[in-house]
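Participant: Could you have a look at this structure, given as structure tokens, before my questions?
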Amino acid sequence: MIAIITGDIIRSEMTDPQEWMPLLKRFLKKQGRAPADWEIYRGDAFQLKLPPAEALFKSMLLKSMIKQQANLDVRLSIGLGELSYETGRITESNGTAFVRSGRKFDSMKDEKVTLSLSTGDEKTDATLNLMARFASLVMDNWSPAAAEAVQLFLEQPGWNQQQIAEKLKINQSAVSQSRKRAQFDLLMDFNKFYQTTITGLKT
């Protein structure tokens, strides 16, 4: 089983690509090699292949990076399934993970959500997507400052709040408030639930 994330940058057409393209590429390059593991296409759309257990966490990380730009957001569809046809280019490869990710992504604009999941199991999908809608309500409203703090919480799990405060050049109480406002601990609970839920899924 693999995870395929299909995504695009929301409101990219109203923003200089220099504000988001370097961020997106920096993130993607850390996840694997292009074009086998990731590829940017149609200007602001992309696909990324990941181990299933990492997909939601990495989606939250990317969102925290993009949301540091005040007018931008990212739409993300996570598809879990198989890789049955591989070409060396992710956008030309195929399998149930690709189909589920792509179809879910295509429906997201109508549903007006920024995070969706598709596993092939109807009951699992209903539960995960209900939770994803709540998570989206939180993440879509991150301020740039909260998003910057969340990125550090995710990338430096061993750091205490004082270390994060020093990095961000703010006081420790502000870090604590950012963590609460961003609902970080609740989002990590969602990530744990997701990881437990997908274990043993028949794809």
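Each row is one residue, and each column tells you yes or no for (1) in a helix (DSSP H, G or I); (2) under 27 Å from LYS104 (Cβ atoms).
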| site | (1), (2) |
| --- | --- |
| LEU137 | yes, yes |
| ALA147 | yes, yes |
| GLN151 | yes, yes |
| ILE164 | yes, no |
| ILE170 | no, no |
| ARG179 | yes, no |
| LEU186 | yes, yes |
| PHE190 | yes, yes |
| TYR194 | yes, yes |
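Participant: Also, I was wondering about something else. Is it true that SER118 is more than 18 Å from the chain's Cα centre (by Cα), of a type in the set (S, T, N, Q), crowded, with 16+ Cβ neighbours inside 10 Å and over 21 Å from THR15 (Cβ atoms)?
Facilitator: Values: more than 18 Å from the chain's Cα centre (by Cα): no; of a type in the set (S, T, N, Q): yes; crowded, with 16+ Cβ neighbours inside 10 Å: yes; over 21 Å from THR15 (Cβ atoms): yes.
No: the conditions fail for SER118.
Participant: Among the residues of the range 179-203, which ones are farther than 18 Å from MET65 by Cα, among the aliphatic types (A, V, I, L, M) and crowded, with 18+ Cβ neighbours inside 10 Å?
Facilitator: Correct list: ILE198 only.
Participant: Restricting to the range 121-171, count the residues that are charged (D, E, K, R) and under 17 Å from SER59 (Cβ atoms). Outline the logic, then answer.
Facilitator: From the range 121-171, those charged (D, E, K, R) are 121-123, 125, 133, 140, 148, 155, 166-167, 169; that's our starting set.
Checking which are under 17 Å from SER59 (Cβ atoms) leaves us with 125, 133, 140, 155.
Of the residues in the range 121-171, 4 are charged (D, E, K, R) and under 17 Å from SER59 (Cβ atoms).
Participant: If you take the residues in the range 32-75 that are among the aromatic types (Phe, Trp, Tyr) and crowded, with 16+ Cβ neighbours inside 10 Å, which one is farthest from ALA145 (Cα to Cα)?
Facilitator: Here is the first cut: in the range 32-75, the residues among the aromatic types (Phe, Trp, Tyr) are 38, 41, 46, 57.
The next check asks that each one be crowded, with 16+ Cβ neighbours inside 10 Å; those that pass are 38, 46, 57.
Details: TRP38: 28, PHE46: 25, PHE57: 19 Å.
Checked the range 32-75; the qualifying residue farthest from ALA145 (Cα to Cα) is TRP38.
Where a number appears in this text, it was derived from the coordinates with a stated rule and is not lab data. Since this is a predicted model, take the numbers as computed values, not measurements. Virtual Cβ from ideal backbone geometry, glycine too; neighbours counted across all protein chains shown.
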